[in-house]
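Participant: Quick one: the structure is below, and I'll ask about it shortly.
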Amino acid sequence: MTGSAARGLPPWRWLGVPMLQVMAVTFVFALPLRFWGLSLPEPLFAMPVVFAWAVIRPAMLAPPAALLLGLFLDMLWGTPAGFWAVCLLLPYGLVLGGRGMLAGQSQLMMWTWYAAATGVALGAGYLITMLETQVAPDPVSVGWQFLATVILYPFAHRLIDRFEDADVRFR
């Protein structure tokens, strides 16, 4: 095998498997379970994979996968069709556009970028909800959802580390 041969990266490994894992975990956390009177938090589990997909490599399949995740969240949480798809695709596009700046950043800086992307996603959701219902969502609840989602960055980091260098065509 020559050194210039690019090894392929099948989409099911870096898109399909994480997407199914996100769907499963989101479904489990959406169950009406209570422990000591408290329900499970509802972080945006799709955010780490959407962020990682934008950082890993440009691909034609990542936006439709983010769209599918958004539509799944819409059906699960009962939001209008396309609400979460827009909320996920907006930060995906911003991160993809700034992908060149993210290359070689420290883990702390990447976490900061992830938090900013999460803020864009939840901020868009907040504004869309305000426009749709004419009522502002509870900022404390949105803040807790933001914090719970930002804590999930290590999963995005793991996905980035695992697949970032898997396809040499995109270095």
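The values are calculated or read from the model by the stated rules, or taken from the named source; none is laboratory data. Computed from a predicted model, the values in this text were never measured in an experiment. Backbone-built Cβ (ideal geometry, glycine too); neighbour counts: all protein chains shown.
Participant: Being hydrophobic (A, V, I, L, M, F, W, C) and in contact (Cβ under 8 Å) with a residue 24 or more places away in the chain is the filter here, so list the residues in segment 84-112 that pass it. Break it down into steps so the answer makes sense when it comes.
Facilitator: Kept after step one, since they are hydrophobic (A, V, I, L, M, F, W, C), are these residues of segment 84-112: 84-90, 94-96, 101-103, 108-111.
If the condition is that a residue be hydrophobic (A, V, I, L, M, F, W, C) and in contact (Cβ under 8 Å) with a residue 24 or more places away in the chain, then 84, 86, 87, 88, 89, 90, 94, 95, 96, 102, 110, 111 are the ones that fit.
Participant: So how many residues does segment 104-116 have that are surrounded by 12 or more Cβ atoms within 10 Å (Cβ to Cβ) and not in a loop (DSSP other than H, G, I, E, B)?
Facilitator: Step one: filter segment 104-116 for residues surrounded by 12 or more Cβ atoms within 10 Å (Cβ to Cβ), giving 105, 107, 109-116.
After this cut, where a residue has to be not in a loop (DSSP other than H, G, I, E, B) as well, the list is 107, 109-116.
Of the residues in segment 104-116, 9 are surrounded by 12 or more Cβ atoms within 10 Å (Cβ to Cβ) and not in a loop (DSSP other than H, G, I, E, B).
Participant: Next question. Give segment 126-159 a look and list any residue that's touching a Phe, Trp or Tyr at 6+ places or on another chain (Cβ under 7 Å) and either small (Gly, Ala, Ser) or over 23 Å from residue 14 (Cα atoms) (or both), or say none.
Facilitator: Scanning segment 126-159 gives 128, 137, 142, 156.
Participant: Where residues in segment 48-83 are at pLDDT below 95 and aromatic (Phe, Trp, Tyr), which of them is farthest from the chain's Cα centre (by Cα)?
Facilitator: This residue is 77.
Participant: Does any residue in segment 143-169 that is farther than 18 Å from residue 91 by Cβ come within less than 6 Å, Cβ to Cβ, of a residue that is modelled with pLDDT of 85 or more and not acidic (Asp, Glu) six or more places away or on a different chain, and which pairs are these?
Facilitator: 163/56; 164/56
Participant: Which condition from (1) surrounded by 19 or more Cβ atoms within 10 Å (Cβ to Cβ); (2) at pLDDT below 80 is the one that residue 40 breaks?
Facilitator: That leaves (1) as the condition not met.
Participant: Quick one: in segment 117-160, of everything that is over 20 Å from residue 78 (Cα atoms) and hydroxyl-bearing (Ser, Thr, Tyr), which residue is surrounded by the most Cβ atoms within 10 Å (Cβ to Cβ)?
Facilitator: Across segment 117-160, the extreme among qualifying residues is 118.
Participant: Does residue 156 satisfy the condition of being among the small types (Gly, Ala, Ser), within 22 Å of residue 20 (Cβ to Cβ) and touching a Leu at 6+ places or on another chain (Cβ under 7 Å)?
Facilitator: Against the criterion (among the small types (Gly, Ala, Ser), within 22 Å of residue 20 (Cβ to Cβ) and touching a Leu at 6+ places or on another chain (Cβ under 7 Å)), residue 156 does not qualify.
Participant: Does residue 63 qualify as being in contact (Cβ under 8 Å) with a residue 24 or more places away in the chain and either on the phi > 0 side of the Ramachandran plot or assigned to a helix (DSSP H, G or I) (or both)? Let's see the steps before the verdict.
Facilitator: Numbers: in contact (Cβ under 8 Å) with a residue 24 or more places away in the chain: yes; either on the phi > 0 side of the Ramachandran plot or assigned to a helix (DSSP H, G or I) (or both): yes.
Taking the combined requirement at face value, the residue satisfies it.
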